[in-house]
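The structure under discussion appears below in the form of structure tokens.
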């Protein structure tokens with residue numbers, strides 16, 4: 001970790017169905033009874049419902065139970081809600097077929113002092129008064145098309161949703177494949193998903209079907225973070241994601257007496273004529289991420305625009321590059337760097353926003369990389385286009401080009417605290433496809449494998465933008481997943497903002513991997529907040545993203561503070577999370 005004294009918390013698993021089952025088996029083998037996991041899952045969900053869906057409970061709750069362990073979870077939810085005085089109507093699509101599910105079913109029938117009404121006829125639930133429906137039909141074992149009896153129950157939920165009811169799914173919404181994200185015809189689109197133990201991959205790929213995701217502690221303990229078994233039974237390095245506390249532990253504090261030099265000096269290079277806006281967005285984002293000084297290196301015609309739109313940034317003109325006019329992007333790919341002295345003293349560089357694709361822009365790229373060869377760097381947008389162009393011209397791999405550009409001896413001697421070359425590349429799917437010379441695989445496991453393999457060959461951290469965003473490092477065996485963001489980010493200039501944030505974190509001493517993940521998290525959470533404030537993506541612009549950034553940074557700082565009680569007795573800090581709740585992701 002590159003931040004001395006920082007508190008680094010565990011990364012959480014993002015699991016396939018098989019990996020989630022392996023976590024359960026490991027906890028059970030270590031002495032936790034399987035029914036104890038089911039009992040805590042249902043109890044934690046009932047606690048969530050009572051705490052946050054109280055406004056939906058006046059007319060009772062409908063609970064739908066399947067025949068497997070997901071149905072067992074549903075029986076526990078029904079029993080615990082009834083014990084709390086909530087009127088429950090329960091419909092089971094069949095008899096429970098696992099020992100734990102049968103035991104959970106007995107809770108509904110055997111306990112005294114409360115009553116759950118068992119409804120055999122599904123039609124009796126179609127026009128009921130309940131405002132909340134609990135979907136416990138199918139869990140992580142769901143694959144392929146839905147059986148008729150399940151589709152009928154899903155149809156009832158759809159009808160009730162159209163009438164204004166809310167659906168809360170247990171672990172995954174029925175019809176959503178937990179491993180692949182495939183959605184079966186007739187699948188449930190939940191407003192909230194109570195996810196058990198680990199986040200399931202399918203939820204992150206289909207946020208629209210998952211709704212708000214609340215990760216609940218079901219008693220797996222350490223086994224929620226260390227087991228990874230593929231669907232074929234082989235071991236694998238799992239995907240992981242960072243919760244709020246983990247992100248906060250990777251953000252360096254800004255001392256109360258810090259001067260601008262200690263807060264990080266960033267250079268944003270690009271801004272060919274007509275594209276000054278990209279540099280402005282990157283510079284503004286860098287300043288809002290805490291940079292002390294932001295320099296920009298832009299085409300002469302862009303200087304006035306940059307100084308007008310981002311007054312705090314210093315604007316420098318592109319240098320004359322006539323002496324290198326004989327070089328081409330292809331020859332640049334294998335031209336030794338290190339012959340130019342730095343002309344601007346900075347701690348990190350972001351090159352590519354609005355750079356352009358002209359031969360002159362390619363020469364500027366060479367100049368910037370050579371002039372700042374020992375420091376951290378973000379390669380984005382047109383910088384990646386030039387890398388792919390050079391590779392195609394020479395008939396070599398773009399990863400080889402990137403490796404050559406970033407493997408200078410001075411940079412090698414300045415590896416970050418994680419042991420990696422401090423370079424982050426941030427392609428979107430189209431740019432990544434051009435870098436690899438092949439279409440981006442539709443299947444997420446294949447996409448992830450390609451990303452990891454490319455990062456290994458290039459020797460740099462690669463952030464693949466998307467939903468979700470994936471980050472691969474050449475020195476870490478697992479992918480990191482950033483599940484945050486909305487369609488607000490699907491607009492020109494969004495990636496430039498991300499580059500500015502990452503460059504600032506690099507300038508402040510954060511490792512390449514952490515800078516990429518924290519930057520994408522902040523970027524995505526700001527988009528979520530801006531979208532919530534506006535009520536929709538339409539009508540929002542990147543100005544709204546900038547307006548949301550201060551609150552996101554404040555919330556991250558709050559996540560790193562120790563728990564304390566205010567004058568009213570309320571608990572704030574790490575211990576203020578509600579019972580059983582490990583982490584949350586908002587509905588998109």
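The values are calculated or read from the model by the stated rules, or taken from the named source; none is laboratory data. Given the structure is predicted, the values throughout are model-derived calculations rather than measurements. Ideal geometry is used to build each Cβ from the backbone, glycine not excepted, and the neighbour counts take in all protein chains shown.
Any residue at all in the stretch 332-339 that's modelled with pLDDT of 90 or more and either part of a loop (DSSP other than H, G, I, E, B) or closer than 18 Å to residue 360 by Cβ (or both)? Scanning the stretch 332-339, I find no residue that is modelled with pLDDT of 90 or more and either part of a loop (DSSP other than H, G, I, E, B) or closer than 18 Å to residue 360 by Cβ (or both), so the answer is no.
Only residues that are more than 18 Å from the chain's Cα centre (by Cα) and surrounded by fewer than 20 Cβ atoms within 10 Å (Cβ to Cβ): list them for the stretch 444-458, please. Working first, answer last.
Filtering the stretch 444-458 down to residues more than 18 Å from the chain's Cα centre (by Cα) leaves 446, 450, 453-458.
Across the stretch 444-458, the qualifying residues are 446, 450, 453, 456, 457.
For the stretch 178-192, enumerate the residues that are touching a residue at least 60 places away in the same chain (Cβ under 8 Å) and not in a strand (DSSP E or B). Scanning the stretch 178-192 gives 178, 179, 180, 181, 191.
Can you tell which of 77, 86 is closer than 22 Å to residue 50 by Cβ and either out of contact with any helix residue (DSSP H, G or I) (no Cβ under 8 Å at 6 or more places or on another chain) or part of a helix (DSSP H, G or I) (or both)? Full working, then the answer.
On the way: 86 fails: either out of contact with any helix residue (DSSP H, G or I) (no Cβ under 8 Å at 6 or more places or on another chain) or part of a helix (DSSP H, G or I) (or both).
Selected residue: 77, the only one of 77, 86 that is closer than 22 Å to residue 50 by Cβ and either out of contact with any helix residue (DSSP H, G or I) (no Cβ under 8 Å at 6 or more places or on another chain) or part of a helix (DSSP H, G or I) (or both).
Among the residues of the stretch 215-250, those identified as modelled with pLDDT of 95 or more and out of contact with any helix residue (DSSP H, G or I) (no Cβ under 6 Å at 6 or more places or on another chain) are 215, 217.
Which of the residues belonging to the stretch 302-324 are within 18 Å of residue 362 (Cβ to Cβ), part of a helix (DSSP H, G or I) and touching a residue at least 12 places away in the same chain (Cβ under 8 Å)? Within the stretch 302-324, 302, 324 qualify.
Could you list, in sequence order, all residues of the stretch 161-177 that are surrounded by 13 or more Cβ atoms within 10 Å (Cβ to Cβ) and either without any contact (Cβ under 8 Å) to a residue 12 or more places away in the chain or closer than 11 Å to residue 188 by Cβ (or both)?
Residues of the stretch 161-177 surrounded by 13 or more Cβ atoms within 10 Å (Cβ to Cβ): 161, 165-177.
Once the filter is applied, which keeps residues that are surrounded by 13 or more Cβ atoms within 10 Å (Cβ to Cβ) and either without any contact (Cβ under 8 Å) to a residue 12 or more places away in the chain or closer than 11 Å to residue 188 by Cβ (or both), the stretch 161-177 yields 161, 167, 168, 169, 170, 172, 173, 174, 175, 176.
Taking the criterion of being closer than 25 Å to residue 382 by Cβ and at pLDDT 95 or above, would at least one residue in the stretch 404-413 satisfy it? No, every residue in the stretch 404-413 fails to be closer than 25 Å to residue 382 by Cβ and at pLDDT 95 or above.
Given 80, 143, which one is out of contact with any strand residue (DSSP E or B) (no Cβ under 8 Å at 6 or more places or on another chain) and at pLDDT 95 or above? Write out each step before concluding.
Numbers: 143 fails: at pLDDT 95 or above.
None of the other options fit; the residue is 80.
Of the residues in the stretch 419-428, at least one is modelled with pLDDT under 90, in contact with a helix residue (DSSP H, G or I) (Cβ under 6 Å, 6 or more places away or on another chain) and outside any helix (DSSP H, G or I).
Can you tell me which residue is modelled with the lowest pLDDT among those in the stretch 362-373 that are within 19 Å of residue 283 (Cα to Cα) and touching a helix residue (DSSP H, G or I) at 6+ places or on another chain (Cβ under 8 Å)?
369
Residues considered: 485, 466. Of these, the only one that is surrounded by fewer than 20 Cβ atoms within 10 Å (Cβ to Cβ), within 15 Å of the chain's Cα centre (by Cα) and under 30 Å from residue 183 (Cβ atoms) is 466. For the stretch 96-129, enumerate the residues that are part of a loop (DSSP other than H, G, I, E, B) and out of contact with any helix residue (DSSP H, G or I) (no Cβ under 8 Å at 6 or more places or on another chain). Residues satisfying the conditions are 97, 112, 120, 121, 127, 129. Only a single criterion out of (1) modelled with pLDDT of 95 or more; (2) under 25 Å from residue 527 (Cα atoms) is not satisfied by residue 466, namely (1).
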